[in-house]
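Below: one structure, written as structure tokens.
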Amino acid sequence: METASAERTPHLDVLIVGAGLSGIGAGHYLQTECPWAEYEIFEARDAIGGTWDLFRYPGIRSDSDMHTLGYSFRPWEGEKSIADGDSILQYIKDTARESGVDTHIRFNHRITAANWSTADSLWRITAERTDINESSEFTASFLFSCSGYYRYDHGYLPDFEGMADFAGTIVHPQAWPEGLDVCRKKVVVIGSGATAVTLVPALARAASHVTMLQRRCERSCRRSRRGPRRSGFTPSSPRPSTGSAGSIRSWSGGCWPKVWSDNFRPGTTSPPTSRRATTRGTSVSVPC
């Protein structure tokens, strides 16, 4: 009975989880290095690209040069080494199409369970069809996870004191609303990681004032998007910066790092007197 049931269950030599940058690369190498292997890529969403299709916040780009981040079997030929999100997404789509990997993708298939059977030496996998709300069973000899390291359906959001009383708009970059207008508004960006570094210059082009609120003192230096270049970074110059459309202020407990970007020029704003963001009304708070 158990054997007959297993024979009716679709079996794959390799099941790849995720049709993003890594998943498409994994599919290519399976085709070229293991042409005998039957494989499929299960993608929970309805599109190729993973992070580069999901994230739509202003200014999204790579935080590594594409000559390193890209595929060795299909080197990056774009003009910019630090590329924008749309260009990276197109690169992934073109790679999948040219290699034929796109024909192995099952869209709207979310893995909800994966259990290894020692007796049968295979994985028993349950996949939810996100488009029709049904589940299917599969088996696989190898399970290859290319799903990234964070939840796509809900980005991490700390429980900041006073969030319920904030009169402005709170936005997470992972779920950036289409058409969100920050023109002539005050914006606080919480955090100073890769997302914040790409987001702040884009917001500064429209917002009246942008403040980067960071936990500790960090410094960034300007770099050409077209390749490595020595920068005139001077860590001994603790001055704030001003954007082309409005002012930019980066503050971390009294330590003022110099924030560099092609869009910045020296300004004259002063540090806030409180660690708690108290902007209201038309302000937008963006945790990064």
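Values in this text are rule-based calculations from the coordinates and carry no lab data. Just so it is clear, the model here is predicted, and its values are computed rather than measured. Every residue, glycine among them, receives a Cβ derived from its backbone with ideal geometry; neighbour counts consider all protein chains shown.
For region 52-108, the relative contact order works out to 36 percent when only alpha carbon pairs closer than 8 Å and six or more residues apart are counted.
Taking K and R as +1 and D and E as -1, what net charge do the other residues with C-beta under 9 Å from the C-beta of I60 add up to? Local net charge: 0.
Of the trypsin sites (Lys or Arg not before Pro) in region 65-151, which ones lie in a loop per DSSP and count no more than 14 other C-beta atoms within 10 Å? In loop regions of region 65-151 (DSSP not H, G, I, E or B), the sparsely surrounded trypsin sites (Lys or Arg not before Pro) are R151. Find the centroid of the Cα atoms in region 28-52 and in region 129-189, then give the distance between the two in whole Å. When both Cα centres are located, 23 Å separates them.
Looking at region 33-133, which chymotrypsin sites (Phe, Trp or Tyr not before Pro) are in a loop (DSSP not H, G, I, E or B) and have at most 13 other Cβ atoms within 10 Å?
On the way: sites: W36, Y39, F42, W52, F55, Y71, F73, W76, Y91, F107, W116, W123; in loops: W36, F55, Y71, F73, W76.
Sites meeting the loop and neighbour criteria: W36, F73.
Summing Lys and Arg as +1 and Asp and Glu as -1 over all other residues whose Cβ lies under 13 Å from the Cβ of G23 gives a net charge of -1. Near R129: Cβ cut-off under 10 Å, other residues only, Lys/Arg at +1 and Asp/Glu at -1. The net charge is -1.
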